[in-house]
Each structure stands twice: as C-alpha cells, then as structure tokens.
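What follows is one structure encoded as structure tokens, with my remarks underneath.
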Amino acid sequence: MPVITFQDFGLGKDLRKGASVSDANRLRELKNGYVTTGKAIRKRPGTTLIARLETGTFGLVPALGKLNTFTESGSITHANALLTAHQVAGSNVNPASFTGSGLNDLTSGGSYTPAGAASFTVIIDAKVTGSITKYEELNKGSITAMASAGATTTTITSNAHGLSNGNFVTITGTNSYNGTFTISGVATNTFVITDTFVADDAAGTWELSVNPLANTTTVTSASHGLSNGNEVSITGTSGYNGVFAISNVATNTFVISKIFTADDAAGTWEKSPNTFKWKKDSGSFTAGVAITGSAQNLQEGVQVTFESNFGHTLNDQWVVNIGSAVVVNKIHYGDVFNGYIYVVVEYSNGSILHHYLDGSTVTKITDANCPQTKAAVKIENKIWAINGDNVRFSATGNPRDWTASQDAGFLPVGLKQRGADESLALGQYQVNKLVVFFKDGAQLWTVDPDPANHAFTQLLPGSSTSYHRGITNLFQDLYFLSDFGFRSISEAALTGNQAEFDIGSPIDSVIQALLPISSTHTPQAVFNPRLGQYLIAIGQSIYAFTFSRTAKISAWSEYTFPWVISDIAVLNSEVYLRSGDNVYQLDDECNYDAKETGKAITVMASGGTGITTITSAAHGRANGDEVTISGTTSYNGVFTISNVATNTFTIPTAFVANDATGTYIAGTPFQFEMIMSFFDSKRPSIQKLWLGVDTVATGTASLSFRFDPRDLTLETDPIDLTGDTRPGDLVPVEITSTNLAPVIKNNRNELFQLDAISLVYENLTTS
C-alpha cells in the first residue's frame with residue numbers, strides 16, 4: 001500500500017495557491033506554532049506574567065539592562081526591579097487651530113503652569129509693505145559740471161550721486177580730469193577731487209573704484225520708512241525677487257545685494273517681521289509683537305513659534321486650547337545614545353516630543369531644528385528624524401544639538417523623489433545605510449558622522465510603508481510592513497544592488513485584509529534572536545516569520561493572545577509583551593498564556609452544588625483560565641475557573657471545608673492549530689481509501705481530516721494521537737475521498753511538536 005510522509009514544513013503557512021492544488025507541506029494554517037530549524041512544527045512559547053505595573057506609565061523600551069517605561073509627571077517605582085520608570089514631561093498646550101487664508105505656520109508648545117483649561121488667541125495684526133517704482137545701478141554716474149574749489153581742487157557736479165567722503169572714484173571721458181581720486185566735500189549733488197581746475201568740460205562719467213555697492217541694485221520706493229539692516233521680501237519682479245537685508249537707506253531708496261540687470265519698475269516689498277497680537281480667554285490683546293521665528297513666550301509658560309517672519313495675511317488667526325491634564329499616550333521610538341536613553345513620546349493631546357534622559361532637568365529636546373516627529377533612528381552617532389520632505393539629523397555625538405554648522409543638518413530627500421515627497425518612516429540597512437520610506441517608494445542613503453560624506457545611493461520603487469514601528473533588521477536584511485504586506489530590503493547577491501523582496505507573499509491575503517491598520521493597533525516589530533524570527537505585533541496577534549538560510553526555512557505563522565499587545569521588546573534575547581499595565585515574557589517552559597505562580601488562596605466557601613468559591617486577592621484571572629491548586633486538604637488539582645470577580649472565582653468541585661490555605665499556578669490555555677493542504681497523491685480524480693496514519697510527535701494532538709476542498713466545513717471527528725505511533729500499529733482512519741487534509745490541534749498544558757506525519761492509502765479506481 002502506498003504511504004506518503006510529510007516531514008519538511010520549512011515553508012510554513014502559504015496561501016498563494018488554493019487548498020486543493022498546494023504542496024501539502026505548504027500549510028493552510030499555522031496558529032500558535034512555528035517551524036524549527038529541523039523543519040518540524042512546534043507549539044509556540046507561552047507567556048509568564050512578570051509584572052503588574054503601577055498605573056501611569058506607558059511603553060516598553062529595552063535599554064541599559066532594563067525594560068523602561070515612561071510617565072508624564074511624578075515619580076513611579078516599579079516593584080519588579082527589571083523595570084524602570086522615567087519622567088518625560090510633556091505639554092498641556094494643544095496644537096493650534098488655524099482660521100484664515102494665508103500662511104499657516106504657527107506651532108504651539110510650552111507647558112501651561114496654572115491649573116485648569118484656558119484658550120489663547122493669536123492674530124496677525126500688522127505687516128509693512130510698499131511699491132517699487134525703479135531699479136538702478138548707483139556705482140557710477142554722469143558728470144554735468146566742473147568748477148574750481150581752490151588752488152589744487154575741483155568741484156564735480158553729478159546729480160544725486162549717492163557717494164560719501166573717502167570713496168575712490170575713477171573719472172573718464174573728460175578733457176582734463178581723467179584718473180582715480182579720493183573724494184571729499186561731499187554734498188547731495190557735488191563732490192571734490194584733488195586736481196587743479198582747468199575748464200568746465202561739462203562731460204564725462206565717474207565709477208566707484210573700490211565699490212562698496214558692487215553687485216548691488218538701488219531700489220526706489222517713495223517714503224518707504226525703512227532703516228539700514230531691515231529685512232525685506234521682494235516679489236512681483238522679473239529679476240529681484242527674494243529676501244534681502246537692506247543698506248544705504250535714503251528717504252526714497254535702499255540698496256539690495258542683487259546684481260543690477262534692468263529696471264523692472266514694478267514689484268512690492270514686505271518688511272520682516274510681521275507682528276501679531278494675542279490674548280488669553282476674554283482678556284485684552286497685547287499688540288504689535290514682532291515675529292522672531294523662534295519660540296516666543298505668551299503667558300504662564302505658553303509658547304508660539306512662527307516658521308516664517310513674513311508672508312502672513314492680516315487678521316489670520318490661531319487658537320491654542322489648553323487642556324487641564326496631559327499624559328503619555330504612546331512611545332514611538334527608544335534607543336541608547338552615549339549611555340543614555342533617547343525616546344520619542346506622544347501625549348494625550350496629540351503633541352510629540354523628543355527626550356534625552358541624560359540627567360538634565362529638562363529632558364525634552366529644545367533645539368528648534370529638532371523635528372519632534374514620530375519616526376526616528378540612530379545611525380553613525382547621530383539621531384535622524386523625518387521632517388516633511390527632508391530628513392533632519394543631529395550633531396555627531398550630541399542628540400540635543402540639531403543646529404551645529406557643518407555637523408547637524410538635513411537630507412533633501414524630497415528632491416530625489418519622483419512622486420509623493422513627504423517622508424513617512426526611517427530604517428537602518430546594514431551599518432551605514434539610511435532607508436527613507438515614502439508613500440510610493442523608498443530611498444537608500446549612505447551616511448557618515450561627517451555630513452560631507454552623506455551620499456544618495458539609489459531609489460527603491462515600491463518599498464513603501466506608513467508603519468514606522470513595523471521596521472526591524474533580520475540578519476543582513478531590513479524587514480517592514482508595507483501598505484500591501486510584509487516586505488524586505490535585501491542585497492542582491494550577484495549585482496550588489498539593494499532591492500525589495502516580497503517575503504510576505506505567502507500571507508498577503510491575510511495581512512491585506514487588515515490594512516490599513518488603525519493607530520490604536522500600531523504595528524511593532526522586533527527581531528527574536530533566540531528563534532531567528534521577525535516578530536510583528538498587531539492587535540492581539542503576532543505574525544512570526546522564521547528564517548534560516550542554512551536550514552532553508554522561510555515560514556510564516558501567527559501567534560494569538562487573549563489581550564491586545566501595546567508594546568513588544570527584546571532584552572537579553574528574551575521577548576517581552578506589554579498589555580495595559582501587565583508585562584509578560586515569552587517562556588519556552590510555559591504552555592499557558594498569562595501564567596502566574598505562587599498565587600495565594602485565603603478562603604474557600606461553597607458556591608452551590610458541586611462548586612467551591614476561591615478567594616485570592618486581586619487575582620487578575622478571567623473566565624476560562626486554568627488553575628493548578630496545591631497545598632490544600634481538599635482542593636488540589638487542575639480546574640477551569642468561572643464566575644470571576646475581582647477577588648474570587650469558582651472551581652467545579654464540591655465544597656468540603658475552608659482550608660484557608662494553599663497556592664495555585666494559573667494561566668489561560670491557548671490552542672495550537674495546524675491545517676495542511678489537501679493531498680491527492682498527484683492523482684486528483686482517483687478515489688482513495690485512506691487507511692491509517694502515523695505521527696512522530698511530542699505531546700498529544702487532536703487529529704481530524706478535511707476531505708472535500710469545495711467545502712472546508714466538512715471535517716471528521718477528531719482522534720487523539722500521542723507521541724511516536726510508528727512502533728505500533730497504524731491508527732485507523734478509514735476515509736474515502738480523492739484527497740485529504742490533516743487538521744492537528746493541541747490546547748493542553750504541555751509541549752507539542754510534530755516531526756512527521758504519514759498517511760497510508762489505497763487507490764480504489766484506476767486511471
């Protein structure tokens with residue numbers, strides 16, 4: 001009789017083909033299990049509860065040998081010494097809301113010091129503008145008269161020449177006065193040269209020899225009211241648009257640093273800065289406040305920052321609402337920098353701040369050039385953060401400094417992008433490669449401590465992601481959750497070029513059904529070194545990709561949990577999960593979820609016929625959990641609990657007496673499930689009598705069979721298989737069908753591993 005044996009499960013869950021045409025070693029489902037390096041299937045690790053955290057903290061960042069949490073205010077000490085809480089003060093100043101039609105460039109910040117809510121109104125109240133009527137070059141002029149000024153001097157007449165005492169001028173086109181002179185006796189229309197008067201040529205020109213107005217243009221604007229050093233923005237011209245610091249101011253003219261080309265005789269100027277007025281609640285306005293471009297204090301710790309000093313529209317308005325309280329809401333990034341933690345924090349009011357916990361009283365980064373955005377990464381002794389159409393980076397070795405000349409700065413990534421130019425996420429590829437993700441692709445940059453060595457490497461079309469926490473490194477590749485499924489960036493072996501690879505295609509249909517993922521369940525990825533896995537937590541699931549080039553494994557599976565995962569972290573090769581205020585460890589020795597040991601029992605009481613009520617203070621259990629009780633007189637054993645309240649639950653055993661003692665191990669059972677594809681022995685039209693099955697396994701499995709790929713609800717009654725059945729007789733199954741798909745489950749408190757399964761069959765018809 002023919003026998004088919006399946007013992008290579010290295011492809012894991014793969015839904016790219018239909019169930020009836022797939023290789024049987026490509027699983028239709030692998031839930032709460034994974035593929036080992038021996039290509040066997042093993043039940044996933046359970047979870048042990050290691051801490052019920054004190055309230056008020058968020059996040060789980062592995063750093064400096066600890067699991068680190070964060071709180072907005074106060075001091076919190078965790079009972080479990082593995083966890084450390086840090087204060088990262090935020091702001092109860094909400095983002096500003098804009099009403100107007102002009103430039104919306106105001107951001108709000110600071111920390112409102114009084115208690116209670118408030119509202120601040122900011123309005124553009126003044127801007128100075130003027131019309132331009134003429135552009136001219138004033139480094140030379142015409143001479144209209146000469147006259148004696150004394151024995152060896154001559155007075156030169158040149159209308160409105162604009163010269164000053166001590167200027168050097170070169171005169172040409174005269175009969176007797178050509179040459180270079182240091183002028184004196186300057187009046188509005190005349191100046192004096194040291195040269196003997198001969199006659200009035202009434203002709204010639206002069207030009208500044210050492211010209212302080214070289215490469216400049218004189219602008220005429222009647223009664224402009226400007227002063228030397230003022231900054232103006234000129235618009236509406238052909239050749240003079242731009243921002244300039246003006247000089248050589250006269251009543252109707254000023255000079256800009258722009259080479260004269262022609263007289264446009266048009267355009268307008270706007271003085272920098274515009275000014276604004278502000279008030280708190282219904283109070284009176286403080287008016288005429290000049291915009292500085294930096295953070296400006298209003299009152300009681302509230303700050304506003306304008307990105308531009310000019311270009312606004314009169315009466316444009318912003319309202320800044322103050323919340324009565326703010327708390328940490330989410331941690332977007334955390335890492336160690338120079339022995340201290342750098343962390344990106346989102347608060348309940350929507351604000352995002354970067355913090356550096358280096359012992360400074362103020363932990364937040366106050367440099368105005370720090371983007372204060374979600375996505376960040378540490379590469380080459382710098383912190384990098386997205387900033388619209390560019391990526392900013394800190395000074396080398398100093399994450400508080402985002403301004404230092406020739407050390408901090410930005411990459412103009414938007415200029416390299418062919419489509420959408422707003423950066424969304426960052427990743428590190430290999431040692432010194434920065435990956436910048438966009439909506440429709442990615443860029444690869446080589447970066448260095450010295451900004452002069454930064455270099456664009458290549459575009460990666462299609463490598464897009466909106467999930468900045470779903471990026472991590474697996475060996476030499478970069479893995480991420482794109483907007484279409486799981487992908488990786490890997491170096492092509494032959495070309496040496498980086499390319500995007502579709503590692504998630506076996507489960508694209510599953511993941512795409514989840515996309516887009518709400519901000520409530522932000523995907524978070526880590527590398528599990530113990531099992532060589534890319535793990536990404538989404539809601540109550542972890543999608544696990546087990547990869548080994550040596551063992552030729554690239555297998556997907558799904559871990560499910562009875563609670564939402566808010567954070568995932570790896571510390572000292574151990575994987576930790578946070579859900580609410582509970583922290584769990586993935587535990588190879590555990591076959592429960594939320595396992596707790598040594599829980600104390602203080603009271604037993606009757607809960608009715610055949611039922612005993614157990615009292616255990618703040619036990620944290622749920623209906624359906626399993627407990628193993630020991631140390632009592634009458635209640636030792638394994639029970640599934642029900643009727644759960646804060647301090648009590650019931651077990652299905654008759655009450656005898658109040659032992660008032662004992663302990664228990666508790667946990668939530670979870671089910672391992674493996675569904676294979678349909679096997680037809682490559683003879684799909686032939687009816688077969690399936691006679692028996694053998695397994696090589698550790699633990700006990702519930703085994704049933706699907707026998708009709710057209711109706712997956714049809715399934716045989718389950719049978720139990722324990723351990724290695726090969727030494728004995730076949731376990732009979734006696735099913736008649738053209739093909740067959742085994743379904744294997746385990747929800748026991750035990751390790752389960754399947755190494756091989758064999759099916760024995762007989763063809764009933766001939767082809």
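Would you check if Ala375 is touching a helix residue (DSSP H, G or I) at 6+ places or on another chain (Cβ under 6 Å), in the same structural domain as Gln428 (by TED's automatic domain parsing), farther than 30 Å from Lys277 by Cα and not polar (S, T, N, Q)? Criteria met by Ala375.
In the stretch 220-239, the count of residues that are among the β-branched types (Val, Ile, Thr), under 30 Å from Ser308 (Cα atoms) and free of Cβ contacts under 8 Å to residues at least 40 places away in the same chain is one or more.
Whether any residue in the stretch 395-404 is more than 25 Å from His355 (Cα to Cα), outside the structural domain of Thr546 (by TED's automatic domain parsing) and surrounded by 15 or more Cβ atoms within 10 Å (Cβ to Cβ) is what I want to check. Within the stretch 395-404, not a single residue is more than 25 Å from His355 (Cα to Cα), outside the structural domain of Thr546 (by TED's automatic domain parsing) and surrounded by 15 or more Cβ atoms within 10 Å (Cβ to Cβ). Filtering Ala594, Ala605 for residues that are touching a residue at least 40 places away in the same chain (Cβ under 8 Å), buried (at least 22 other Cβ atoms within 10 Å of the Cβ) and in contact with a strand residue (DSSP E or B) (Cβ under 8 Å, 6 or more places away or on another chain) leaves a single hit, Ala594. Among residues of the stretch 277-308 being of a type in the set (A, V, I, L, M, F, W, C) and farther than 18 Å from Asn321 by Cα, the one that is nearest to the chain's Cα centre (by Cα) is Ile291.
Look at Ser73 and say whether it is closer than 18 Å to Ala325 by Cβ, loosely packed, with under 15 Cβ neighbours inside 10 Å and at pLDDT below 90. Yes: the conditions hold for Ser73. Does Gly12 satisfy the criteria of being at pLDDT 90 or above, buried (at least 20 other Cβ atoms within 10 Å of the Cβ) and in contact with a helix residue (DSSP H, G or I) (Cβ under 8 Å, 6 or more places away or on another chain)? Yes; evaluated as a whole, the condition is true for this residue.
Restricting attention to the stretch 356-395, the residues being of a type in the set (Val, Ile, Thr), within 22 Å of Trp445 (Cβ to Cβ) and free of Cβ contacts under 8 Å to residues at least 40 places away in the same chain number 1.
All conditions in (1) touching an Asp or Glu at 6+ places or on another chain (Cβ under 6 Å); (2) surrounded by 15 or more Cβ atoms within 10 Å (Cβ to Cβ) hold for Gly462, with the sole exception of (2). Residue count for the stretch 730-750, restricted to those that are surrounded by fewer than 19 Cβ atoms within 10 Å (Cβ to Cβ) and modelled with pLDDT under 95: 10. I'd like to check something: does the stretch 370-383 contain any residue that is touching a Cys at 6+ places or on another chain (Cβ under 9 Å) and modelled with pLDDT of 95 or more? Among the residues of the stretch 370-383, at least one is touching a Cys at 6+ places or on another chain (Cβ under 9 Å) and modelled with pLDDT of 95 or more, which makes the answer yes.
Exactly one residue out of Ile735, Ile665 is more than 18 Å from Asp755 (Cα to Cα), in the same structural domain as Thr602 (by TED's automatic domain parsing) and among the hydrophobic types (A, V, I, L, M, F, W, C), and it is Ile665. Assessment of the stretch 284-291 against the conditions (modelled with pLDDT under 95 and either under 21 Å from Leu103 (Cβ atoms) or small (Gly, Ala, Ser) (or both)) yields no matching residue. Among the residues examined, Gly728 qualifies as without any contact (Cβ under 8 Å) to a residue 24 or more places away in the chain and either more than 22 Å from Asn25 (Cβ to Cβ) or more than 48 Å from the chain's Cα centre (by Cα) (or both). Listed by position, the strands (runs of 3 or more DSSP E) inside the stretch 1-84 whose residues that are free of Cβ contacts under 8 Å to residues at least 24 places away in the same chain number at least 1 are 66-71. You will find that of Phe639, Phe670, Phe679, the residue that is of a type in the set (Phe, Trp, Tyr), surrounded by 18 or more Cβ atoms within 10 Å (Cβ to Cβ) and farther than 30 Å from Asp23 by Cβ is Phe639 and no other. Of the strands (runs of 3 or more DSSP E) that lie entirely inside the stretch 335-397, those containing 3 or more residues that are aliphatic (A, V, I, L, M) and within 21 Å of Asn92 (Cα to Cα) span 340-347, 352-357. Give the stretch 581-632 a look and list any residue that's over 29 Å from Ile76 (Cβ atoms), outside any strand (DSSP E or B) and not acidic (Asp, Glu), or say none. Asn591, Ile601, Thr609, Gly610, Asn623, Gly624, Gly631, Thr632, listed by residue number.
Selection of first residues in the stretch 513-527 that are in the same structural domain as Thr546 (by TED's automatic domain parsing) and under 18 Å from Lys439 (Cβ atoms) and of second residues that are basic (Lys, Arg) and not in a loop (DSSP other than H, G, I, E, B), restricted to Cβ pairs under 8 Å at least 6 apart or on distinct chains, gives the following pairs, ordered by first then second residue: Thr522/Lys330; Thr522/Arg469; Pro523/Arg469.
The values are calculated or read from the model by the stated rules, or taken from the named source; none is laboratory data. Since the structure is predicted, the reported quantities are computational estimates derived from the model, not experimental observations. Note: ideal-geometry Cβ built from the backbone for every residue, glycine included; neighbour counts use all protein chains shown.
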